[in-house]
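To start, the structure under review is shown below, and the notes come after it.
All of the numbers you see were taken from the coordinates with simple rules; none came from a lab. All values derive from a computational prediction rather than experimental measurement. Glycine also receives a Cβ, built like all others from the backbone with ideal geometry; neighbour counts cover every protein chain displayed.
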Amino acid sequence: MEKWDLYTKYREKTGKEHIRGQMIPEGFYHLVVHVWIRNHRGEYLISQRSASRPTFPLMWECVGGSVLKGESSIDGALREVKEEVGLDLEQKDGKLLFSKIRSSDVRYECKVFNDIMDVWLFEYDGALQLESATTDEVAACRWMTVSEIRKLYEDKKLVQTLDYFFCAMEAGEPDYGHIIGKVVRGTVDRPLGSSHPNHPEMVYLVNYGYVDDVFADDGTEQDVYLFGTDKPLKKFEGKVIAVWHRFDDVEDKWIVSLDGENVTAEKILGDISFQEQYFYGKLYM
């Protein structure tokens, strides 16, 4: 029986455990990992799910799975790699690329996620060792170029929830040093508690607006999420403490603290997930 820890959207362990296969209660999340393994030629290790898998049999994917009760994210990543493709990777060779909260609003082929997804990248140049795998979850694995992976995706032979690969994995690291720390002023056009004009079911859990006379790459004034108040606002002044960089969109979102105090990454990611769950991105602080 596989057990998971349950988390809040702020990545706090609740002390509750969950048994795999049961429905996750609304407002709770479990932790999952996706592990991409890359060699010095820029190829990625892609594995084919075995024919006996209950979902997506014989489709291709990266290593991944649920983090077990008591494990950390990196523990889960290293274990999944050993179980699925037989490799003993070193923690020092990996880095966490980004995290994404997927609530019950995000579905794929009727699957409800309710998870916090950590995406890891490891550098590895050794031999493939599928015969050392400790489970039979994987039928085959091989190194593939980005173009080969894209062909799998276009032919619907790659698990389609890995579509973020093409915008996130090959993205460069932006430098926001000239932005973080700036004091900005602006207008709130979607105050706390209001609904999205085109999607009334989406309610803004923080004040959301724009910096006056500062324009983003999409040609409109720079969007911001505001922290430091529990009241709806019309205007604001505060300090930029972080930037949420969307991989699959041209819009960055500045995170502004009204009182100048720092806010934890977990707090930011949890409070903006009502909207950002529909995008892939990374928080820079």
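When all C-alpha to C-alpha distances in the stretch 1-108 are sorted into bins of 10 Å, what percent of pairs does each bin hold, rounded to whole numbers?
12, 41, 36, 10, 0
Using the Cα centre as the reference, give the magnitude of the dipole from point charges on the C-beta atoms of the chain (Lys, Arg: +1; Asp, Glu: -1; all else neutral), rounded to the nearest 20 debye.
Result for the chain is approximately 480 debye, rounded to the nearest 20.
Name the GluC sites (Glu not before Pro) in the stretch 70-100 that are in a loop by DSSP and that have at most 15 other C-beta atoms within 10 Å, would you?
Filter output for the stretch 70-100: 90.
Net charge within 10 Å of residue 2 by Cβ-Cβ distance, Lys/Arg positive one each and Asp/Glu negative one each, not counting residue 2 itself?
For residues surrounding residue 2, the net value is +3.
Show that you can apply the helix-only estimate: for the chain, add -39,500 (n - 2.57) for every DSSP H stretch of four or more residues, divide by all residues, and state [θ] at 222 nm to the nearest 500.
Mean residue ellipticity, 222 nm, calculated: -3500 deg cm²/dmol.
Computed FRET efficiency, Cβ-Cβ of residue 72 and residue 267, R0 22 Å: what is it to the nearest 0.05?
According to the calculation, E is roughly 0.65.
Taking all pairs of distinct Cα atoms, average 1/r, flip it, and tell me the Kirkwood hydrodynamic radius of the chain in Å to one decimal place.
20.4
Kindly put 154, 137 in sequence by how many other C-beta atoms sit within 10 Å of each C-beta, fewest to most.
Lowest to highest Cβ neighbour count: 154, 137.
Residue 212 to residue 53: FRET efficiency via 1/(1 + (r/R0)^6), r the Cβ-Cβ distance, R0 41 Å, to the nearest 0.05?
Once rounded, the FRET efficiency stands at 0.20.
Does anyone have the angle between helix 73-85 and the longest principal axis of the chain? Alpha-carbon axes, 0 to 90°, nearest 10?
30
Of 248, 217, how do they rank once you tally other Cβ atoms within 10 Å and put the fewest first?
Lowest to highest Cβ neighbour count: 217, 248.
Under a Cβ-Cβ cut-off of 14 Å, what is the net charge of the residues other than residue 232 that fall near it, where Lys and Arg count +1 and Asp and Glu count -1?
+2
Within the P(r) computed for the stretch 183-284, what percentage of the Cα pairs occupies the region above 23 Å?
Result for the distance tail: 16 percent.
Averaged over every viewing direction, what's the projected area of the C-alpha convex hull for the stretch 196-243? Give it in nm², one decimal, please.
4.3
If we count every other residue with Cβ under 14 angstrom of residue 31's Cβ, Lys/Arg +1 and Asp/Glu -1, where does the sum land?
Net of charged neighbours comes to 0.
Given charges of +1 on the Cβ of Lys and Arg and -1 on the Cβ of Asp and Glu, with all other atoms neutral, how large is the dipole of the stretch 190-285 about its Cα centre, in debye to the nearest 20?
Magnitude of the dipole: close to 280 debye.
For the stretch 108-169, which trypsin sites (Lys or Arg not before Pro) are in a loop by DSSP, counting at most 10 other Cβ atoms within 10 Å?
156
If I fit a long axis through the Cα atoms of helix 265-276 and take the longest principal axis of the Cα atoms of the chain, what angle between them do I get, 0 to 90°, rounded to 10?
90
What percent antiparallel are the DSSP beta bridges of the stretch 3-169, to the nearest 5?
Bridges in the stretch 3-169 are about 75 percent antiparallel.
So, with +1 on the Cβ of K and R and -1 on the Cβ of D and E, and no other charges, what is the size of the charge dipole of the stretch 92-242 about its Cα centre, to the nearest 20 debye?
Roughly 480 debye, rounded to the nearest 20.
Most exposed first by the Cβ proxy, i.e. fewest other Cβ within 10 Å, how do 116, 74 rank?
74, 116
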